[in-house]
Structure formats: C-alpha cells, structure tokens
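Readers should treat all values here as calculations from the given coordinates under stated rules, not as data from a laboratory. Predicted, not measured: the structure shown is a model, and the values here were computed from it. Here the Cβ positions follow ideal geometry from the backbone for every residue, glycine too, while neighbour counts run over all protein chains shown.
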Amino acid sequence: MKALALHSGGLDSTLAIRLVLDQGIEVQSLHFVSVFDCGMEEQDSCRAAVLSAQQLGVPLRLEKFSEDLLRLVKNPPHGHGSHMNPCIDCHARMMQRAAALMPEVGASFLISGEVLGERPMSQRREALGIVERDAGVEGLLLRPLCAKLLDPTVPEQKGWVDRERLLGISGRCRKPQLELAKKFGITNFPTPAGGCLLTDPGFALRMQYLLEVNPDCTPEDVRLLKVGRHFRIEAAGRLAMGRNEKENDWIERLARPGEWLMEAADVPGPVALLRGGRAVGAVAEDAEAVVVGARHALPPTEEAIALAASLTAHYGKGGAQAAVRVRIRAPGSEEARYLEVAPAAQELVERLRIGASTPESGGHRVRE
C-alpha cells in the first residue's frame, strides 16, 4: 500500500507522514512551490520540506504551483481570507493536482497534515469538506492528526490504515504536536506558522495594488513585490527599492526592457527599479511601448522618473542633503544619465508607499 502526502515541511505534515509510515505504508511526499512562498527564491521554501523528507526517509517530489495560485488570487471561488489568501481554493487545487498524480506514483490515497480548527479559514470542518468536494477526492484524503474527529475515510474503511492508531487533535494549541515530535525524535522543524506571503498584511496591499494596475500580471510581476520598499508612481507605475545589497542585486536581476534602474551617484544608497504603467487595449501607433506578455508597458514619463529619483535620494546617505545626483540607466546597460533632485519629503514618502516592507529573512511568521 502506498500514499501520496502533501508535504509542506512543517511539523504537522511531518507528523502526519510519520504516523502513516508507522503503519507500514509506503509514502511519496509532494511539495508545491510558488512565487508566494517566503524567501526571495522559490527554492528557499523547499528547504524545510527537503530536510523533513530526509529525516523521514521518504522521497520528495516538487511541483510548480505559481500559475495555479495566481489565478486563484485573482478570482477565488470561495473568497480571500483576512488578506489576499485564497486558502480554501488553494488547498482544493493542490489536492486536485495531487489526485492527478496518484496513478503515476502508484498511490491509493492522499495524506494531509491539516488539523481541525487550527486555521480560521481553511481548516474549519465545513472548509475541509469543501476542499475534498472541489478537488474530487472525497473519501480518499486522510488527515492522520485529526482523523478521529472526522468521518472514516476509504483507507480506514478498507483496513489499509488502523483508525485507532490515528489521532484526534483539534484547535490551535501546539502542545500535542510538540509532545508527539519529542516522542518520535523529530527535532528539525520550522517555527509553527504559515509560509504564504498572501497572509502578510504588507505584501497583501502590494498585491492588491498590482492587480489594480495590471490585472494580467504574471508570477514575474509578483516576484518584485517580495523584497524592499514599494511606491506608487503615476497612475499605474511602481518603484521598488532595495534595503541591502542582496535586495539590490535581486531588483537588478528582475529589471526588464523599458524600465529604469536608479541609485545615488555620489553617496551610498539603495538601487531602485521604476516600472511604468500598463496600457489597456490598443496602443497608439506613435507611443513608444514595449510588449510584455499580452499587454504593453508604457515607458515612465519624465515626471515619473523625477519623482522616482527623489524617492531614491530620500534613502541612503543623501537624504539630509538639499540636492542629490541620481544615476539613471536601462537594465543591462552601463550608459547612464544623471538627474539632480531634492530628496522627497517624509510626508510624500509615506503617502506613496505601498504597504509595509516584508521582513528581510524568509522565515517570518504569518497567519491566515
């Protein structure tokens, strides 16, 4: 007998797999990777799952999930949570994708580390039922940590799994899981928390703004939202600004044709990336536009460039000066022009800023 387990790498999914392994059942673990995971690079979010799978001795399969999740963020049938998180629809889509892989890996049922009542949106009893129904996996999804509080599944009814050796955990208290981890000798697991940026208030505000100005946004657009400070520029423009060398490098890597990179020329300061507005529908023949996907990115106007330069000058060592010379260049080019601007006033900075900065480390705590 073989099971396919949804494996986040957190304590709950690790324990769920261990409980099933202890009944002599082979387990293949599955981790979905998306641009909304914490950490700059998508592979950063895989580390916990990789370490957990190694500790359990089970094979781990990674599946891309950015496109699926972005579609649900734009139009979630069951709505968003407290921020931009479409948790119910996200879980249902993951289960649906997992079910489609069952024949390929030879699995007879699915495993999830969900706990009844642990999360306010996606782990209510009603929500658990919706996930199974929408994913088409009713009866095939075993939740070992709270199985005794739910109706028996097919694996239990057919005797593949001994229901008496499963658990009945509920609620947000983590004490039962921590005691179980100690019993099993499981010590390497992340701090209990969600790992999805869509539940982060600051990131959610940025995501809302991105969808307003670019409804056809792609995962590449989302990637820029994950680091630094962000500002509104013109009707649909955006400015992303690094806070350290790592973020500066990341922002430069994400720059595209038709955009502008800028930084203070004579004093230390951040790297900023200015993205212009998007043209909806046809673009006038005389408009200088760069095709990006199915839409056109209109180059920023001179007014937008000057505003972005003043915001760039506000940060770093030149913020207290009367004027700062800002270097402006196209991505991949060393040719530059220079613009001398007054650093933006604090009131303007606060008015244009979109959401709070996300923490610099990828392991910040978020909740539904």
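For the reader, a short list of remarks on this structure follows.
- Contour minus Cα-Cα distance for M40 and R165 (0.36 nm per residue): 41.0 nm
- Computed helical MRE - 222 nm, the chain, DSSP H runs ≥ 4 contributing -39500 (n - 2.57), nearest 500: -10000 deg cm²/dmol
- 0 to 90° range, to nearest 10: angle between helix 302-314 axis and the chain longest Cα axis: 70
- As a rough guide to protection, the peptides 61-70, 14-23 ranked by mean Cβ packing within 10 Å, highest first, stand as 14-23, 61-70.
- Crossing angle, helix 47-56 versus the chain [Cα axis fit, 0-90 degrees, rounded to tens]: 20
- The charge dipole of the chain, taken about its Cα centre with unit charges on the Cβ of Lys, Arg, Asp and Glu (plus for the first two, minus for the last two), comes to roughly 1140 debye.
- A DSSP coil position with no more than 12 other Cβ atoms inside 10 Å describes none of the GluC sites (Glu not before Pro) in segment 85-118.
- Nearest-0.05 FRET efficiency for V50 and K246, computed from C-beta distance (R0 30 Å): 0.85
- Each Lys and Arg contributes +1 and each Asp and Glu -1, all at the Cβ; summed about the Cα centre of segment 1-145, the dipole is approximately 140 debye.
- On Cα atoms only, tilt of 175-184 relative to the major axis of the chain in degrees: 70
- Cα gyration tensor, segment 77-156 - rounded (a/c under 1.5), prolate or oblate: oblate
- Expressed to the nearest 5 percent, the antiparallel share of DSSP beta bridges inside the chain is 65 percent.
- Whether the chain is rounded, prolate or oblate, judged on the alpha carbon gyration tensor where a/c under 1.5 counts as rounded: prolate
- Projected label distance in nm at R174 and R351, using a 7 Å step from Cα toward the beta-carbon: 4.3
- Packing-based order for 331-337, 85-91, using average beta carbon neighbours within 10 Å, highest first: 85-91, 331-337
- Computed label-point distance, nm, for sites E334 and S82 using a 7 Å Cα→Cβ extension: 5.1
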